[in-house]
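K.L.:
Please see the structure below; I have some questions.
The values are calculated or read from the model by the stated rules, or taken from the named source; none is laboratory data. All values derive from a computational prediction rather than experimental measurement. Here the Cβ positions follow ideal geometry from the backbone for every residue, glycine too, while neighbour counts run over all protein chains shown. Note: accessible area is taken over every heavy atom of the protein model, side chains too, but ligands, DNA and RNA are not part of it. Shrake-Rupley method; radii C 1.70, N 1.55, O 1.52, S 1.80 Å.
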Amino acid sequence: MTFRVGNGFDIHRFSDDPSRPLVLGGVVFQDGPGLHGHSDADVVAHSIADALLGAVGLGDIGMHFPDTDDRWRGADSMALLAEVVRMLDADGWSVVNVDCSVVAERPAIAPHRQAMCDRLSEAVRAPVSVKGRRAEGIGGLGRAEGIVCLTSALVERSGSPS
Ligand code: MG
(Lines give C-alpha, C1' and ligand atoms only; values in the text may rest on other atoms or scores of the structure.)
Protein backbone atom coordinates (compact mmCIF):
# COMPACT_ATOMS: atom_id res chain seq x y z
CA MET A 1 0.00 0.00 0.00
CA THR A 2 1.40 3.42 -0.93
CA PHE A 3 0.49 6.36 1.28
CA ARG A 4 1.33 10.04 0.92
CA VAL A 5 0.82 12.87 3.39
CA GLY A 6 0.18 16.52 2.56
CA ASN A 7 -0.14 19.73 4.52
CA GLY A 8 -2.22 22.76 3.68
CA PHE A 9 -2.33 26.33 4.92
CA ASP A 10 -4.59 29.20 3.95
CA ILE A 11 -5.35 32.62 5.37
CA HIS A 12 -7.96 35.23 4.43
CA ARG A 13 -8.65 38.60 6.02
CA PHE A 14 -12.18 39.67 6.89
CA SER A 15 -13.93 41.67 4.18
CA ASP A 16 -14.96 45.32 4.57
CA ASP A 17 -18.15 44.42 2.68
CA PRO A 18 -20.82 43.65 5.32
CA SER A 19 -22.98 41.88 2.74
CA ARG A 20 -20.36 39.22 2.03
CA PRO A 21 -21.35 35.85 3.54
CA LEU A 22 -18.89 33.93 5.73
CA VAL A 23 -18.39 30.44 4.27
CA LEU A 24 -16.23 27.92 6.11
CA GLY A 25 -16.04 24.29 5.03
CA GLY A 26 -19.00 24.83 2.73
CA VAL A 27 -21.20 26.02 5.62
CA VAL A 28 -22.61 29.58 5.65
CA PHE A 29 -22.18 31.18 9.08
CA GLN A 30 -24.87 33.72 9.93
CA ASP A 31 -22.56 35.34 12.49
CA GLY A 32 -20.06 36.55 9.83
CA PRO A 33 -18.45 39.07 8.54
CA GLY A 34 -17.33 37.28 5.42
CA LEU A 35 -13.75 36.86 4.30
CA HIS A 36 -12.11 38.86 1.52
CA GLY A 37 -11.16 36.87 -1.58
CA HIS A 38 -11.57 36.29 -5.29
CA SER A 39 -13.73 33.18 -4.80
CA ASP A 40 -16.11 32.71 -1.87
CA ALA A 41 -12.91 32.81 0.28
CA ASP A 42 -13.65 29.48 1.99
CA VAL A 43 -10.31 29.25 3.79
CA VAL A 44 -11.05 25.70 5.01
CA ALA A 45 -11.85 24.28 1.56
CA HIS A 46 -8.75 26.01 0.14
CA SER A 47 -6.48 24.62 2.85
CA ILE A 48 -7.78 21.08 2.29
CA ALA A 49 -7.43 21.37 -1.49
CA ASP A 50 -3.80 22.47 -1.07
CA ALA A 51 -3.05 19.59 1.32
CA LEU A 52 -4.50 17.06 -1.14
CA LEU A 53 -2.68 18.52 -4.15
CA GLY A 54 0.55 18.65 -2.16
CA ALA A 55 0.22 15.04 -1.03
CA VAL A 56 0.20 13.77 -4.62
CA GLY A 57 2.58 16.34 -6.11
CA LEU A 58 -0.02 18.11 -8.25
CA GLY A 59 1.01 21.63 -7.24
CA ASP A 60 -1.40 23.96 -5.43
CA ILE A 61 -4.77 25.60 -5.93
CA GLY A 62 -3.19 28.84 -7.16
CA MET A 63 -1.84 26.88 -10.14
CA HIS A 64 -5.13 25.21 -11.00
CA PHE A 65 -7.60 27.97 -10.05
CA PRO A 66 -5.67 31.26 -10.39
CA ASP A 67 -7.27 34.36 -8.86
CA THR A 68 -6.42 36.24 -12.05
CA ASP A 69 -8.97 34.07 -13.89
CA ASP A 70 -12.51 35.48 -13.98
CA ARG A 71 -13.93 31.94 -14.13
CA TRP A 72 -13.20 31.61 -10.38
CA ARG A 73 -14.62 35.01 -9.32
CA GLY A 74 -17.11 34.27 -6.53
CA ALA A 75 -16.55 30.55 -7.11
CA ASP A 76 -18.03 27.95 -4.77
CA SER A 77 -14.85 26.58 -3.20
CA MET A 78 -16.55 23.27 -2.41
CA ALA A 79 -16.85 22.77 -6.18
CA LEU A 80 -13.11 23.52 -6.48
CA LEU A 81 -12.43 20.98 -3.73
CA ALA A 82 -14.57 18.39 -5.51
CA GLU A 83 -12.60 19.07 -8.69
CA VAL A 84 -9.33 18.50 -6.79
CA VAL A 85 -10.66 15.15 -5.52
CA ARG A 86 -11.59 14.27 -9.10
CA MET A 87 -8.02 15.12 -10.20
CA LEU A 88 -6.60 12.85 -7.49
CA ASP A 89 -8.98 10.08 -8.53
CA ALA A 90 -7.88 10.39 -12.17
CA ASP A 91 -4.29 10.10 -10.97
CA GLY A 92 -5.08 6.90 -9.01
CA TRP A 93 -5.32 8.37 -5.47
CA SER A 94 -8.06 8.36 -2.86
CA VAL A 95 -8.26 10.26 0.41
CA VAL A 96 -7.81 8.32 3.68
CA ASN A 97 -8.59 11.16 6.10
CA VAL A 98 -8.23 14.90 6.60
CA ASP A 99 -7.73 16.87 9.82
CA CYS A 100 -8.11 20.66 10.02
CA SER A 101 -7.39 23.32 12.63
CA VAL A 102 -9.30 26.55 12.06
CA VAL A 103 -7.71 29.46 13.95
CA ALA A 104 -10.34 32.14 14.45
CA GLU A 105 -10.88 34.62 17.26
CA ARG A 106 -14.47 34.79 16.02
CA PRO A 107 -16.94 33.41 15.17
CA ALA A 108 -17.16 30.26 17.29
CA ILE A 109 -16.57 27.17 15.16
CA ALA A 110 -18.10 24.63 17.55
CA PRO A 111 -21.80 25.23 16.72
CA HIS A 112 -21.09 24.56 13.01
CA ARG A 113 -18.41 21.93 13.42
CA GLN A 114 -20.51 18.86 12.66
CA ALA A 115 -22.09 20.46 9.59
CA MET A 116 -18.61 21.38 8.32
CA CYS A 117 -17.31 17.83 8.90
CA ASP A 118 -20.33 16.37 7.09
CA ARG A 119 -20.04 18.64 4.04
CA LEU A 120 -16.27 18.24 3.78
CA SER A 121 -16.40 14.46 4.25
CA GLU A 122 -18.92 14.25 1.43
CA ALA A 123 -16.66 16.35 -0.83
CA VAL A 124 -13.46 14.36 -0.23
CA ARG A 125 -15.24 10.98 0.21
CA ALA A 126 -13.38 10.29 3.47
CA PRO A 127 -13.57 11.33 7.12
CA VAL A 128 -12.75 14.99 7.78
CA SER A 129 -12.31 16.39 11.29
CA VAL A 130 -12.43 20.10 12.11
CA LYS A 131 -11.07 21.71 15.26
CA GLY A 132 -11.69 25.37 16.14
CA ARG A 133 -8.88 27.20 17.95
CA ARG A 134 -8.44 30.76 19.21
CA ALA A 135 -5.28 32.82 18.71
CA GLU A 136 -5.26 33.98 22.38
CA GLY A 137 -5.23 37.64 21.33
CA ILE A 138 -1.83 37.31 19.65
CA GLY A 139 -1.11 39.25 16.46
CA GLY A 140 -3.49 39.94 13.59
CA LEU A 141 -5.37 36.68 14.10
CA GLY A 142 -5.84 37.52 17.76
CA ARG A 143 -7.25 40.94 16.74
CA ALA A 144 -9.78 39.06 14.58
CA GLU A 145 -8.40 40.46 11.33
CA GLY A 146 -8.84 37.14 9.55
CA ILE A 147 -9.01 33.36 9.74
CA VAL A 148 -6.35 30.70 9.15
CA CYS A 149 -6.84 27.02 8.40
CA LEU A 150 -4.10 24.38 8.75
CA THR A 151 -4.67 20.92 7.29
CA SER A 152 -3.09 17.49 7.31
CA ALA A 153 -4.27 14.98 4.72
CA LEU A 154 -3.42 11.33 4.07
CA VAL A 155 -4.01 9.74 0.67
CA GLU A 156 -3.48 6.21 -0.62
CA ARG A 157 -2.82 4.77 -4.03
CA SER A 158 -6.14 3.29 -5.10
CA GLY A 159 -5.42 2.47 -8.72
CA SER A 160 -3.40 3.34 -11.76
CA PRO A 161 -3.51 6.81 -13.32
CA SER A 162 -6.34 6.89 -15.89
MG1 MG B 1 -7.60 30.97 -0.18
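K.L.:
Going by amide H atoms built from the backbone, whose H comes under 5 Å of the H on Val148, apart from near neighbours?
P.N.:
Answer set, sorted by chain and number: Val103.
K.L.:
Can you grab the distance from the C-alpha centre of segment 11-63 to the C-alpha centre of segment 65-125, Å, no decimals?
P.N.:
So the separation of the two Cα centres works out to 8 Å.
K.L.:
How big is the antiparallel share of DSSP beta bridges in the chain, given as a percent to the nearest 5?
P.N.:
Values: 25 of 31 bridges.
That works out to approximately 80 percent antiparallel.
K.L.:
Could you give the alpha-carbon Rg of the chain over 2.2 N^0.38 Å, rounded to two decimals?
P.N.:
Its radius of gyration relative to the 2.2 N^0.38 Å reference: 1.00.
K.L.:
Oh, and also: How far, in degrees from 0 to 90, does helix 43-56 lean away from the longest principal axis of the Cα atoms of the chain, to the nearest 10?
P.N.:
The answer is roughly 20 degrees.
K.L.:
With the Cα gyration tensor of segment 67-162 giving a ≥ b ≥ c as the square roots of its eigenvalues, does the rule (a/c under 1.5 for rounded; else a/b larger than b/c for prolate; else oblate) give rounded, prolate or oblate? Show your work: numbers first, answer last.
P.N.:
On the way: a/c = 2.38, a/b = 1.63, b/c = 1.46.
Here segment 67-162 falls in the prolate category.
K.L.:
Suppose only helical runs count, i.e. DSSP H with n ≥ 4. What mean residue ellipticity at 222 nm does that imply for the chain under -39500 (n - 2.57) per run, divided by all residues and rounded to the nearest 500 deg cm²/dmol? Display every interim value, and only then the final one.
P.N.:
On the way: 5 runs with 48 residues, N = 162.
Computed ellipticity for the chain at 222 nm equals -8500 deg cm²/dmol.
K.L.:
Over the chain, give the accessible area per residue in Å² for a 1.4 Å probe, as an integer. Don't skip to the answer; put the middle values down first.
P.N.:
Details: 8040 Å² over 162 residues.
Solvent-accessible surface per residue comes out at 50 Å².
K.L.:
Under the Karplus relation 6.51 cos²θ - 1.76 cosθ + 1.60, θ = phi - 60°, what is the ordered set of whole-Hz ³J(HN,Hα) values for segment 73-83, x standing for Gly and Pro?
P.N.:
5, x, 4, 6, 5, 5, 5, 5, 5, 4, 5
K.L.:
Ignoring any ligand, DNA or RNA, what whole percent of the accessible area of the chain comes from carbon and sulfur when the probe is 1.4 angstrom?
P.N.:
Working: 4070 of 8040 Å².
Roughly 51 percent of what the probe reaches on the chain is carbon or sulfur.
K.L.:
Between the helical axis of 113-124 and the dominant principal axis of the chain, each derived from Cα atoms, what acute angle in degrees is found, rounded to the nearest 10?
P.N.:
Approximately 30 degrees, to the nearest 10.
K.L.:
Give, rounded to the nearest 20 debye, the magnitude of the charge dipole that segment 2-157 has about its Cα centre when Lys and Arg contribute +1 at Cβ and Asp and Glu contribute -1 at Cβ. Present the calculation step by step, with values, prior to reporting the outcome.
P.N.:
Working: 15 positive and 22 negative charges, 85 e Å.
It comes to approximately 400 debye.
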